[in-house]
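Below is one structure; the comments refer to it alone.
The values are calculated or read from the model by the stated rules, or taken from the named source; none is laboratory data. All figures in this text were calculated on a predicted structure; none of them were measured in a lab. Positions of Cβ are backbone-derived with ideal geometry, glycine not excepted, and every protein chain shown enters the neighbour counts. Keep in mind that these areas ignore ligands, DNA and RNA; they rest on the heavy atoms of the full protein, side chains included. Shrake-Rupley method; radii C 1.70, N 1.55, O 1.52, S 1.80 Å.
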Amino acid sequence: MQISTPQEIVLGFSQIGAESAWRAANTESIQAEAKKRAECFELKFSDAQQKQENQIKAIRNFIAQGVDVIAFSPVVESGWEPVLKEAKAAKIP
């Protein structure tokens with residue numbers, strides 16, 4: 001009998017930065033959880049250093065790498081439509 005193992009999900013996550021203790025703790029929590037679940041998840045992490053252009057670059061890089069899902073904490077509210085359309089076209093939620 002063959003035992004199946006869960007498929008690894010590759011998650012691309014772009015964090016705003018580490019400007020506060022809360023943000024640093026949020027990042028540590030995400031990284032710790034991904035490490036704890038390493039048999040199921042691979043985390044690709046990017047620190048945007050408080051710049052939208054860095055987040056957009058990271059998201060495009062995640063798309064190019066073919067990650068399974070992208071998450072990000074947006075540094076600003078607007079300006080995301082083009083890169084999110086690219087992710088949608090690549091079928092990456």
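I'd like to check something: does segment 25-36 contain any residue that is open to solvent by 50 Å² or more (accessible area, probe 1.4 Å), at pLDDT 90 or above and of a type in the set (A, V, I, L, M, F, W, C)?
Taking every residue of segment 25-36 in turn, at least one turns out to be open to solvent by 50 Å² or more (accessible area, probe 1.4 Å), at pLDDT 90 or above and of a type in the set (A, V, I, L, M, F, W, C).
Count, please, the residues in segment 60-89 that happen to be among the polar types (S, T, N, Q) and more than 14 Å from the chain's Cα centre (by Cα).
1
Whether any residue in segment 54-62 is open to solvent by 80 Å² or more (accessible area, probe 1.4 Å) and in a loop (DSSP other than H, G, I, E, B) is what I want to check.
no
Any idea which of (1) modelled with pLDDT of 95 or more; (2) surrounded by 15 or more Cβ atoms within 10 Å (Cβ to Cβ); (3) closer than 22 Å to residue 77 by Cα is the one residue 18 doesn't satisfy?
Of the numbered conditions (1) modelled with pLDDT of 95 or more; (2) surrounded by 15 or more Cβ atoms within 10 Å (Cβ to Cβ); (3) closer than 22 Å to residue 77 by Cα, the odd one out for residue 18 is (1).
Scan 78, 73, 46 and give me the residue that is surrounded by fewer than 16 Cβ atoms within 10 Å (Cβ to Cβ), in contact with a strand residue (DSSP E or B) (Cβ under 7 Å, 6 or more places away or on another chain) and closer than 22 Å to residue 19 by Cα.
Criteria check complete, one pass: 73.
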